[in-house]
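These notes concern the structure reproduced below.
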Amino acid sequence: MSGVTAAEAPPVIRLSNVMLRYAKTLALDNLTLDFPAGRMTGLIGPDGVGKSSLLALAAGARAVQQGTVEVLGGDMRSRRHRALVCPRIAYMPQGLGKNLYPTLTVEENLQFFARLFGHDAPERRRRIDSLTRSTGLKPFLARPAGKLSGGMKQKLALCCALIHDPDLLILDEPTTGVDPLARAQFWNLIASIRKGRPGMSVIVATAYMDEAQRFDSLVAMDAGRILATGEPRALLERTHSDTLEAAFIALLPEERRRGHQPVVVEPLPADAAADLAIEARDLTMRFGDFVAVDHVSFRIRSGEIFGFLGSNGCGKSTTMKMLTGLLPASEGSAKLFGREVDPNDIDTRTRVGYMSQAFSLYGELTVQQNLVLHAQLFHVPPQEIAARVDEMVSRFGLSDVRDALPDSLPLGMRQRLSLAVAMVHKPELLILDEPTSGVDPVARDNFWQLMIELARRDQVTIFISTHFMNEAERCDRISLMHAGRVLATEAPAELVRLRGTATLEEAFIGYLIEAGADKAEEGGAEAMIEAPASTSDSGTGTLDRSSNRSRPRAFSPSRALTYIWREALELRRDPVRATLALLGSLVLMFVMGYGVSLDVESLTYAVLDRDQTELSHDYALNMSGSRYFVEQAPLSDYNDLDKRMRSGQLSLAIEIPPNFARDLQRGAPVQLGVWIDGAMPQRAETIRGYVLGLHQAWLMDQSIHRLGLTPAAQVNIETRFRYNPDVKSAPAMVPAIIPLLLLMLPAMLTALAVVRERELGSIINLYVTPVTRSEFLLGKQVPYVVLALLNFLLMTMLARIAFGVPVKGNFLTLLAAVLIYSIVATGMGMLASTFTRSQIAAIFLTMIGTLIPAIQFSGLINPLSSMEGSGRIIGSIYPATYMFTISRGVINKALGFTDLHAQFWPLLAAIPVVLGLTTVLLKKQET
């Protein structure tokens, strides 16, 4: 700090009159707040109060809508300031490893972030070794991030954030969903890093009130507003509370805490029923080689509140799904009320209510309609449904929102609705999967009051999973679970006594250490406590930070290459995308090459001969001798004709009228009836031409051989077809199918690559790292351009081998055109990704945007010269038009660059247009 103390230093973050909206939802309401430099400040409050929004604004990940956000001495509205301070800020978004890439290893993730921040190879190696040694990740450098435990993911995410020595570290709920041991290790690591770097400011959002005790100062938030600020002890003294959770409740507005009562759990009566509601014996669930639940056994009595404690991914939800029959167990057995779990046993299923971890009711139905629907699904007698719904509405406090849609309700109210739906059929067993996650303390306590009433008054057995230790203490008994195994099952107080600890969390940590979690998975806390020493052991002491303080360049080839390297790694390790990219194009080409045919051959026809003379039979035989027609059984009458043409048995019917031979020999006019299936007009016109040609040939033959007449001044037309002598579809279609697939598939894959990052959350790395939009887009595009070129080579080989269509012209000319065309195609995919937020939408938009213009307006079937109006305009500006011409020219006509150079200029002109639009529309911040 250059001699300036933390108290004298200007605020690291200053918010002034900040407002932020998501559509109609007000996330931040006129917020004014300073965050002191050099301190660890915690944001406390439930989900939805604005904590994540505030942190995203401070990190530069979200655009400022109204008010002023100053970070590290500058306005975050300024693009220039964001580029300057970006290397000084580290941001860990909410969610386990949300900024990581699951298919990349620990080493590769760290290498990626170190390269983005401009470290050379020796510096990268030193930093990675120092960070992984201090976090216990050193033995797991070769393990993919997606296969790490929750705690290890958060440590890796922290290492990636600290790879460039930030002055401001922003952590959004970094320990949500991890076990107590990993949580304790994480905060020990932060403490050790702060000792080595006392000037670093840390801003943390947390849902755990117990861990907020360790922060230097706190900001309590509710409904986008500040309730209070101060040190933890000061907030406790101000509210005369024993815990921060009680202090937070006391700070809430009067209307929010009106009627709130502390939760009091009546002990389970000693004479409670000994009947078992749930019995699990060696319950095991395997997904391939992964064992999600490993020989779990427990017994739950009727009327008992039984808690399931463990980190995300430890197997809690999987166990619950096996108990409800949603998942069949790989091994072991489970019984409900003494009967084996059977998904088809409706009687047992109606005795169970299940509330899933995520809100799973119908957003299009009102509260009332959801209750009625689930009552009907669980076979509540129709005459009882109305009364049952009224009972649930009254009991769970839903009277005021009876006609509201679930999406418009607060989170606590939605959870009450979920509980009411789970209870509408009056089950004897209630299975609740983390029902209070993200709910504010008042709503959580109200929820528990309802559950205690159900258990003690109605004798409903409650099986609940939770992350919160204070909730676990309210259970009659709990099971501690880790890595698919149950570590212990006992009453909470008894577990504390057996471990000889002061709190249940300490007891849980003791069981985890005993199970080897600190060594086998998390690397041990000792290494983290010694982090500053291990860093200084490298001989450098404090890491050199000068390289991170210069203004980032507008375009860095190194950062672009880093994104190319990462995208290529992900593509290589994703078998679905790789298969779609390589095998998919060949399969589609094979199907389209044989399936899309312009040949009109083997046409079925039949004759309705009303003359039945030698001459009429001769006329019919003239048709059957053609290779274009296949004769069917003669027609008997008009009804037969109509029936067979309707069913598709006939494409053509010929009616020879009575007296056909007599009238023809007399020279009288004769009319033949020709009935053609006109469902496909172009095909029908071709059939008509065939019939007229055969008819004229028959008349000519009759005039020569029967009448002895020779036509005067006969002129013969000899037709020769160039480039496709046999007039087959394959030589015409294959050169067009190759550009069509080179447009559709690379565009789709590139769009998916961008949108997938948005869905997974790793797009945050574009927002908060020095990488520019052009570097990001180039890094995404290049691997798919290379893949498109490989596809082209495979498709040209298939064209030669399977379809007998070789490249007759200059191959280098075609390859150069494909390269340009692939850049345009992948650019169009990235352009589509700027408009979409899901992979399904990206696929749909990309297919519509590529296939329809290419097929309808670019000359695939009908030449551009035959089009008029808007179709002609679209075809003239669409790149596929020119690629079709080049492909057909080189493959069929043996042309070279000299003949086709005019077609290259529109393709080249499309590159800056498409990429320029994509760069402008791709945002560097969430809006």
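The values are calculated or read from the model by the stated rules, or taken from the named source; none is laboratory data. Note that the coordinates shown come from a computational prediction; the quantities given were computed from them, not determined experimentally. Counting neighbours? That spans all protein chains shown, and the Cβs are built from the backbone with ideal geometry, glycine included. Just the protein is used for accessible areas: all its heavy atoms, side chains included, with ligands, DNA and RNA removed. Shrake-Rupley method; radii C 1.70, N 1.55, O 1.52, S 1.80 Å.
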Handout entry: Identity of the residue in region 346-372, of a type in the set (A, V, I, L, M, F, W, C) and under 30 Å from the mean Cα position of the chain (by Cα), that ends up nearest to I278 (Cα to Cα)
Key = M355
Practice task
Say whether the condition of being loosely packed, with under 12 Cβ neighbours inside 10 Å and without any contact (Cβ under 8 Å) to a residue 40 or more places away in the chain is met by at least one residue in region 366-373.
Solution key: no
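Quick one: in region 245-268, which of the residues that are assigned to a loop (DSSP other than H, G, I, E, B) and of a type in the set (A, V, I, L, M, F, W, C) is least open to solvent (accessible area, probe 1.4 Å)? Reasoning before the result, please.
Step one: list which residues in region 245-268 are assigned to a loop (DSSP other than H, G, I, E, B), which gives 252-253, 258-268.
Going one step further and asking which of them are of a type in the set (A, V, I, L, M, F, W, C), we end up with 252, 263-265, 268.
On the way: L252: 5, V263: 32, V264: 106, V265: 45, L268: 36 Å².
Only one residue tops the list, namely L252.
Hey, among the residues in region 285-323 that are over 21 Å from P180 (Cα atoms) and aromatic (F, W, Y), which one's surrounded by the most Cβ atoms within 10 Å (Cβ to Cβ)?
Our first condition is that a residue be over 21 Å from P180 (Cα atoms); within region 285-323, this holds for 285-291, 295, 297-305, 320-323.
From what is left, the residues that are aromatic (F, W, Y) are 287, 290, 298.
Values: F287: 11, F290: 9, F298: 18.
Filtering first and then ranking leaves F298.
Examine region 512-527 for a residue that is out of contact with any helix residue (DSSP H, G or I) (no Cβ under 7 Å at 6 or more places or on another chain), modelled with pLDDT of 60 or more and either assigned to a loop (DSSP other than H, G, I, E, B) or within 26 Å of R125 (Cβ to Cβ) (or both), and state whether such a residue exists.
Just the residues of region 512-527 that are out of contact with any helix residue (DSSP H, G or I) (no Cβ under 7 Å at 6 or more places or on another chain), to begin with: 514-516, 519-520, 526.
Going one step further and asking which of them are modelled with pLDDT of 60 or more, we end up with 514-516.
Adding the requirement that they be either assigned to a loop (DSSP other than H, G, I, E, B) or within 26 Å of R125 (Cβ to Cβ) (or both) leaves 515-516.
Yes; the residues of region 512-527 include at least one that is out of contact with any helix residue (DSSP H, G or I) (no Cβ under 7 Å at 6 or more places or on another chain), modelled with pLDDT of 60 or more and either assigned to a loop (DSSP other than H, G, I, E, B) or within 26 Å of R125 (Cβ to Cβ) (or both).
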Exercise for the section: For region 232-244, indicate whether the set of residues that are under 24 Å from G353 (Cα atoms) and in contact with a helix residue (DSSP H, G or I) (Cβ under 7 Å, 6 or more places away or on another chain) is non-empty. Expected result: no
Exercise for the section: List every residue pair whose Cβ atoms lie under 6 Å apart, where the two residues are 6 or more positions apart in sequence or sit on different chains, the first residue falls within region 107-120 and is under 18 Å from A142 (Cα atoms), and the second residue, located anywhere, is of a type in the set (G, A, S). Expected result: N109/A145
Problem - Subset of region 407-462 [in contact with a Leu (Cβ under 8 Å, 6 or more places away or on another chain) and of a type in the set (S, T, Y)] - result: S418, T461
Practice task
Take the residues in region 807-848 that are farther than 23 Å from R773 by Cβ and small (G, A, S), then tell me which one is surrounded by the fewest Cβ atoms within 10 Å (Cβ to Cβ).
Solution key: A816
Practice task
Examine region 750-759 for a residue that is over 16 Å from T834 (Cβ atoms) and in the same structural domain as A802 (by the TED database), and state whether such a residue exists.
Solution key: no
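A quick yes/no check of all residues on (1) in contact (Cβ under 8 Å) with a residue 60 or more places away in the chain; (2) of a type outside the set (S, T, Y); (3) open to solvent by 10 Å² or more (accessible area, probe 1.4 Å):
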residue	(1), (2), (3)
L405	no, yes, yes
H425	yes, yes, yes
L430	yes, yes, no
D433	yes, yes, no
D440	yes, yes, yes
M451	yes, yes, no
D458	no, yes, yes
M469	yes, yes, yes
Fill in the blank from the handout: The helices (runs of 4 or more DSSP H) lying wholly within region 854-927 that contain at least 1 residues that are under 30 Å from the mean Cα position of the chain (by Cα) and farther than 17 Å from L742 by Cα are 897-921
Handout entry: Some residue of region 269-287 being outside any strand (DSSP E or B) and either in contact with a Lys or Arg (Cβ under 6 Å, 6 or more places away or on another chain) or within 27 Å of E506 (Cα to Cα) (or both)
Key = no
Problem - Spans of strands (runs of 3 or more DSSP E) in region 1-114 with at least 3 residues in contact with a Leu (Cβ under 8 Å, 6 or more places away or on another chain), more than 30 Å from R572 (Cβ to Cβ) and modelled with pLDDT of 85 or more - result: 13-22, 25-35, 40-44, 66-71
Exercise for the section: Please state which one of D400, D390 is at pLDDT below 85, farther than 24 Å from D433 by Cα, not basic (K, R) and not in a loop (DSSP other than H, G, I, E, B). Expected result: D400
Handout entry: Residue within region 780-794 that is open to solvent by 20 Å² or more (accessible area, probe 1.4 Å), over 18 Å from L583 (Cβ atoms), in the same structural domain as L917 (by the TED database) and not in a helix (DSSP H, G or I) present
Key = no
Problem - Test: residue in region 348-364 that is in a helix (DSSP H, G or I), at negative phi and free of Cβ contacts under 8 Å to residues at least 12 places away in the same chain - result: no
Practice task
With a cut-off of at least 1 residues that are surrounded by fewer than 19 Cβ atoms within 10 Å (Cβ to Cβ) and without any contact (Cβ under 8 Å) to a residue 60 or more places away in the chain, name the strands (runs of 3 or more DSSP E) lying wholly within region 188-244.
Solution key: 225-230
Handout entry: Residue in region 265-288 that is without any contact (Cβ under 8 Å) to a residue 12 or more places away in the chain, under 36 Å from the mean Cα position of the chain (by Cα), assigned by the TED database to the domain that holds S317 and within 30 Å of A483 (Cα to Cα) present
Key = yes
